[in-house]
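One structure is given below, encoded as structure tokens.
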Ligand SMILES: Cc1cc2nc3c(=O)[nH]c(=O)nc-3n(C[C@H](O)[C@H](O)[C@H](O)COP(=O)(O)O)c2cc1C
């Protein structure tokens with residue numbers, strides 16, 4: 001599998017498990033993409049709380065799965081190539097681990113590898129309001145080349161449902177990896193108000 005086609009997806013314990021699930025659903029149906037999935041223990045809690053899904057349900061959506069405790073997995077090494085990684089959603093705990101290069105589980109390690117290899121790292125951080133530690137950690141990840149992508153819904157495309165909002169957000173993440181999709185209409189400018 002060419003490196004450009006592999007994508008690492010991590011689901012952590014912030015609210016918004018639906019973003020990771022939707023990403024996996026779309027990528028499963030995208031030809032030539034191989035997803036590598038990681039789910040933290042708190043991520044499993046939220047999958048159950050928010051979507052009535054268990055670990056097996058979500059793992060069934062991925063091509064390859066890894067335990068976050070398997071620090072010897074393929075994706076723990078920079079020599080195993082990938083197009084990059086999305087943490088969807090990303091908790092403040094995982095954000096802090098990435099910002100400080102802790103590599104204390106396979107999610108933080110894979111993110112660390114993604115940054116050191118200068119590949120694309122997208123963190124769909126979710127918390128509100130932010131404290132100074134959160135803000136500083138987001139700055140640190142940005143300084144290292146990562147992309148902080150909080151899943152904040154837009155309203156200009158007139159979403160009719162939560163699913164529309166989720167698809168819009170997920171579609172913009174796919175744009176960051178130049179992965180084609182038809183999840184959301186493209187903006188063509190404001191129509192005349194005259
Ligand atoms: C229902 C629920 C919702 C949570 N929502 C958030 C959240 O939006 N953002 C966040 O940073 N942590 C949130 N947490 C706390 C994290 O799950 C917790 O900090 C956990 O240690 C994160 O671990 P992880 O990064 O390994 O997934 C939530 C926890 C629960 C149980």
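Does segment 69-83 contain any residue that is within 16 Å of the ligand (Cβ to nearest atom), touching a strand residue (DSSP E or B) at 6+ places or on another chain (Cβ under 8 Å) and either more than 29 Å from residue 135 (Cα to Cα) or at pLDDT 95 or above (or both)? Step through it out loud before you land on a result.
Applying the first criterion (within 16 Å of the ligand (Cβ to nearest atom)) to segment 69-83 yields 69-71.
Checking which are touching a strand residue (DSSP E or B) at 6+ places or on another chain (Cβ under 8 Å) leaves us with none.
No, because not a single residue in segment 69-83 is within 16 Å of the ligand (Cβ to nearest atom), touching a strand residue (DSSP E or B) at 6+ places or on another chain (Cβ under 8 Å) and either more than 29 Å from residue 135 (Cα to Cα) or at pLDDT 95 or above (or both).
Taking the condition of being within 15 Å of the chain's Cα centre (by Cα) and on the phi < 0 side of the Ramachandran plot, how many residues in segment 70-92 meet it?
Step one: of segment 70-92, the residues within 15 Å of the chain's Cα centre (by Cα) are 82-92.
Subset that is on the phi < 0 side of the Ramachandran plot: 82-83, 85-92.
Here the count works out to 10.
Please state which of the following conditions residue 25 fails to meet, knowing it meets all the rest: (1) part of a helix (DSSP H, G or I); (2) without any contact (Cβ under 8 Å) to a residue 24 or more places away in the chain; (3) away from the ligand (no atom under 16 Å from the Cβ).
(2)
Exactly one condition in (1) within 13 Å of the ligand (Cβ to nearest atom); (2) part of a helix (DSSP H, G or I); (3) under 24 Å from residue 47 (Cβ atoms) is false for residue 171; which is it?
Of (1) within 13 Å of the ligand (Cβ to nearest atom); (2) part of a helix (DSSP H, G or I); (3) under 24 Å from residue 47 (Cβ atoms), only one is false for residue 171: (1).
Restricting to segment 28-52, give me the number of residues that are more than 13 Å from the ligand (Cβ to nearest atom) and either without any contact (Cβ under 8 Å) to a residue 24 or more places away in the chain or crowded, with 20+ Cβ neighbours inside 10 Å (or both).
6
Has segment 134-143 got at least one residue that is more than 24 Å from residue 186 (Cα to Cα), surrounded by fewer than 18 Cβ atoms within 10 Å (Cβ to Cβ), without any contact (Cβ under 8 Å) to a residue 60 or more places away in the chain and touching a strand residue (DSSP E or B) at 6+ places or on another chain (Cβ under 7 Å)?
yes
State the number of residues belonging to segment 121-132 that are within 11 Å of the ligand (Cβ to nearest atom) and farther than 12 Å from residue 94 by Cβ.
Qualifying residue count, segment 121-132: 3.
Which numbered condition trips up residue 158, out of (1) in a helix (DSSP H, G or I); (2) surrounded by fewer than 18 Cβ atoms within 10 Å (Cβ to Cβ)?
That leaves (1) as the condition not met.
So which of 144, 165 is away from the ligand (no atom under 16 Å from the Cβ), touching a helix residue (DSSP H, G or I) at 6+ places or on another chain (Cβ under 6 Å) and modelled with pLDDT of 95 or more? Before the answer, list the steps.
Numbers: 165 fails: touching a helix residue (DSSP H, G or I) at 6+ places or on another chain (Cβ under 6 Å).
Result of the check over 144, 165: 144.
Residues to consider are 150, 89; find the one that is buried (at least 20 other Cβ atoms within 10 Å of the Cβ), modelled with pLDDT of 95 or more, within 23 Å of residue 58 (Cα to Cα) and in contact with a strand residue (DSSP E or B) (Cβ under 8 Å, 6 or more places away or on another chain). Walk me through it before giving the result.
Details: 150 fails: buried (at least 20 other Cβ atoms within 10 Å of the Cβ).
Matching residue, one of 150, 89: 89.
Considering only residues of segment 176-194 that are closer than 18 Å to residue 31 by Cβ and surrounded by 10 or more Cβ atoms within 10 Å (Cβ to Cβ), which is nearest to the chain's Cα centre (by Cα)? Talk me through it step by step, then tell me what you get.
Of segment 176-194, the ones closer than 18 Å to residue 31 by Cβ are 177-183.
Those still in the list that are surrounded by 10 or more Cβ atoms within 10 Å (Cβ to Cβ) too: 177, 179, 181, 183.
On the way: 177: 11, 179: 14, 181: 16, 183: 16 Å.
In this case the residue turns out to be 177.
The values are calculated or read from the model by the stated rules, or taken from the named source; none is laboratory data. Keep in mind it's a predicted model, so treat the numbers as computed, not measured. Ideal geometry is used to build each Cβ from the backbone, glycine not excepted, and the neighbour counts take in all protein chains shown.
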